[in-house]
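> Take this structure first; my questions come after.
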Amino acid sequence: MNIIIKPVVTEKMTEKGEKLNQYAFIVDKKANKIEIKKALESLYNIDILSVNTMNYPGRNKVRYTKSSIQKGRTKAYKKAIVTLAEGQEIDFYSNI
């Protein structure tokens, strides 16, 4: 089971990473906090203090075009924000 799907790299999360030592990841919807913590610690070799999770439901979207109305739905996902121990950090750009 692949628990970690992708990191969230936005301006807001970059600022949180610098100031509060917090990083966000999109994770599997069925994963719990303990599984997320173990997966990240083994993947990045870091010490995690806490894991906070949030479930986002999908939203209905409507787009008006010349020929018709396009209706759709965004995907539902789960986001985890992890707080690292003092002196720890994750470098997402090291593999580029």
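> Please go through the stretch 1-15 and pick out each residue that is within 17 Å of D91 (Cβ to Cβ) and either β-branched (V, I, T) or under 13 Å from the mean Cα position of the chain (by Cα) (or both).
I4, K6, P7, V8, V9, T10, M13, T14
> Ok, one more. What's the total number of residues in the stretch 2-48 that are surrounded by fewer than 16 Cβ atoms within 10 Å (Cβ to Cβ) and of a type in the set (S, T, Y)?
Total meeting the criteria: 3.
> What's the number of the condition P57 fails, among (1) more than 18 Å from I3 (Cβ to Cβ); (2) touching a residue at least 12 places away in the same chain (Cβ under 8 Å); (3) more than 15 Å from the chain's Cα centre (by Cα)?
All conditions pass for P57, except number (3).
> Working only within the stretch 18-36, note down all residues that are closer than 12 Å to L84 by Cα and within 13 Å of the chain's Cα centre (by Cα).
Result: Q22, Y23, A24.
> Kindly establish whether K61 is at pLDDT below 95 and either part of a strand (DSSP E or B) or among the basic types (K, R) (or both).
No, not satisfied.
> I've got another one for you. Among (1) small (G, A, S); (2) part of a helix (DSSP H, G or I); (3) in contact (Cβ under 8 Å) with a residue 24 or more places away in the chain; (4) out of contact with any Asp or Glu (no Cβ under 8 Å at 6 or more places or on another chain), where does G17 come up short?
Of the numbered conditions (1) small (G, A, S); (2) part of a helix (DSSP H, G or I); (3) in contact (Cβ under 8 Å) with a residue 24 or more places away in the chain; (4) out of contact with any Asp or Glu (no Cβ under 8 Å at 6 or more places or on another chain), the odd one out for G17 is (4).
> Taking the stretch 60-96 as the region of interest, how many residues are acidic (D, E) and in contact (Cβ under 8 Å) with a residue 24 or more places away in the chain? Even if it seems obvious, please write down each step before you answer.
From the stretch 60-96, those acidic (D, E) are 86, 89, 91; that's our starting set.
Applying the additional criterion that residues be in contact (Cβ under 8 Å) with a residue 24 or more places away in the chain yields 86, 89.
Here the count works out to 2.
> Something else: Go through (1) closer than 20 Å to S94 by Cα; (2) part of a strand (DSSP E or B); (3) in contact with a Leu (Cβ under 9 Å, 6 or more places away or on another chain) one by one and return the number of the condition A24 breaks.
For A24, the failing item is (3).
> Among K29, K37, K12, K79, which is the only one that is of a type outside the set (A, V, I, L, M, F, W, C) and assigned to a strand (DSSP E or B)? Steps first, please.
Numbers: K29 fails: assigned to a strand (DSSP E or B); K37 fails: assigned to a strand (DSSP E or B); K12 fails: assigned to a strand (DSSP E or B).
One residue alone meets the criteria, K79.
The values are calculated or read from the model by the stated rules, or taken from the named source; none is laboratory data. Because the structure is predicted, anything quoted here is derived from the model rather than measured. Here Cβ is always computed from backbone atoms with ideal geometry, including for glycine, and neighbour counts include all displayed protein chains.
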